[in-house]
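What follows is a single structure, written as structure tokens, with notes after it.
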Amino acid sequence: MAKTLKERDAEVIWHPYTQMKVWPEAIGITKGEGVYLIDEEGNQYLDAIASWWVNLHGHSHPYIAQRVSEQLIQLEHCIFAGFTHEPAVQLAERLLPLLPGQMKKVFYSDNGSTAVEVALKMAYQYWQNKGIDRKRIIALEGAYHGDTVGAMSVSARSLFTKKFDPLLFDVSFIPFPTEENCIASLKQILEKNDTAAIILEPLIQGSAGMRMYGAEALEEIITVCKQHDCLVIADEVMTGFGRTGTLFACDQLTKAEPDIICLSKGLTGGTLPLGVTTCTQDIYDAFLGDDGMTTLYHGHSFTANPIACTAALASLDLSLKDECIENIRRISDLHRTFLQTAKQHEKVLDARQCGTIIALELNTGNATSYLNQQRNFIYRFFLERKILMRPLGNIIYILPPYCITNEELSFIYEQIQALLEVI
Ligand SMILES: *Cc1c(COP(=O)(O)O)cnc(C)c1O
């Protein structure tokens, strides 16, 4: 008999973030349709986490598929140094005015981690190009900005980074914004006058366990940074494109603005890898010069891939439709109602929401952590009920594609209630 996808996979594949000894078997997906992933045995999994936070409009969306296939026979790829193309230019033209702050230029790369690397290099070299000695980078405790070495350096020292800590560059970490000494600690560092930039996940730290803080706290951090000439990098890789209820998390700010924004994940609607780093005119201008010394020497083979840019353009069309905006509001409202009930349960230590994302911190009898022993039980519990939900330790969350129906959301809520009765 022919081997299954699952069996063939086990022979040749090494999966991300996976202890291959404990999880030797991957579910073989043969089709994606709307909020569902369909496996080789015909099981349909409800994708409650938008396939690692990337999918916005459902799987295999026909409109994105059509646009991508048209682009494939027009121009699949070309070098992006000295050459350009319509999808890259159009995407930049359309994105820049939509972004918070005064974003004037787009630098393309391949994913969230590279968008962060580019942002860090921009900020770090900006001061050197201006002949000013500012080299410190500030980040938030609990931060996650990606898995490449620079992105790991600005991420919290954790289980994920532990084996690489000696390789990581020094970063000043400040307490999470809900901690009362956050601002004091930030000011203390900024007063040294040597900070190049701060990088932060606006409103919600994803990987840290969907930890949330308010727009006012974000506003205060950015304002203090601006008073000390510190560049502000908003890592909107997860929060972009409606996740937090507004198109971008930084749209919830009234006065303060970031200088650099990183986008990826939902950028292409979850169809293709693409990263974007945007900056202000001031930052861009600091890289102009007559000798080669002020150039930003960074690029990837697939920088601004036309197919990925086209997927992003198509996804943007869908994101800006009234229907999508209405879906985001609908999901947020349903989450809010569910949260009120869930909060009451004795097994729920904390329940929180940021737009289309809700998270429940479960009391499993041991400490909140990524390696919480109940994690695998919870993951399997939902899989058995045909829901894809990957808990962050004892924290479960829903971060759905926007096309999820009320019935599908209710089904997930019901299964969460059922879980609360058995843990
Ligand atoms: C996922 C994520 C990244 C890294 O993106 P990749 O595409 O996985 O490299 C960076 N920042 C944030 C906030 C993220 O959620």
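The values are calculated or read from the model by the stated rules, or taken from the named source; none is laboratory data. Values in this document were obtained by computation on a predicted structure and should not be read as measured data. Ideal geometry is used to build each Cβ from the backbone, glycine not excepted, and the neighbour counts take in all protein chains shown. Note: areas computed on protein heavy atoms with side chains; ligands, DNA, RNA excluded. Shrake-Rupley method; radii C 1.70, N 1.55, O 1.52, S 1.80 Å.
Below, the figures for the structure above:
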item: Residue 298 versus residue 148: modelled label distance in nm, points set 7 Å from Cα along the beta carbon direction; result: 0.7
item: Rounded to 5, percent antiparallel among DSSP beta bridges of the stretch 64-320; result: 45
item: Most mobile listed residue (26, 123, 359) in the chain, GNM with C-alpha springs under 10 Å; result: 26
item: Probe 1.4 Å, accessible area per residue of the stretch 310-399, Å²; result: 43
item: Per-peptide average of other Cβ atoms within 10 Å, ordering 175-184, 10-19 highest first; result: 175-184, 10-19
item: The chain, helix-only ellipticity at 222 nm - DSSP H runs n ≥ 4, -39,500 (n - 2.57), divided by all residues, nearest 500; result: -11000 deg cm²/dmol
item: Cysteines without a disulfide-compatible partner [the chain; Cβ-Cβ under 4.7 Å]; result: 78, 182, 250, 262, 279, 309, 324, 354, 403
item: Distance between the stretch 263-327 and the stretch 213-253 - C-alpha centres, whole angstrom; result: 18
item: Protein accessible area in the stretch 304-376, 1.4 Å probe - carbon and sulfur %; result: 48
item: Area of residue 407 that stays accessible when all protein chains are in place (1.4 Å probe, Å², to 10); result: 130
item: Candidates per trypsin sites (Lys or Arg not before Pro) in the stretch 164-240, loop by DSSP, up to 15 other Cβ within 10 Å; result: 192
item: Centre separation in Å (Cα based) which lies between the stretch 393-419 and the stretch 1-73; result: 19
item: Percent carbon-and-sulfur accessible area, the stretch 89-130, ignoring ligands, DNA and RNA, probe 1.4 Å; result: 49
item: Highest-first arrangement of 103-110, 383-390, where packing means the average Cβ count within 10 Å; result: 103-110, 383-390
item: Compactness of the stretch 127-224, expressed as Rg and Dmax over alpha-carbon positions, Å; result: 13.6, 40
item: Peptides 145-157, 307-319 ordered by average Cβ neighbours within 10 Å, highest first; result: 307-319, 145-157
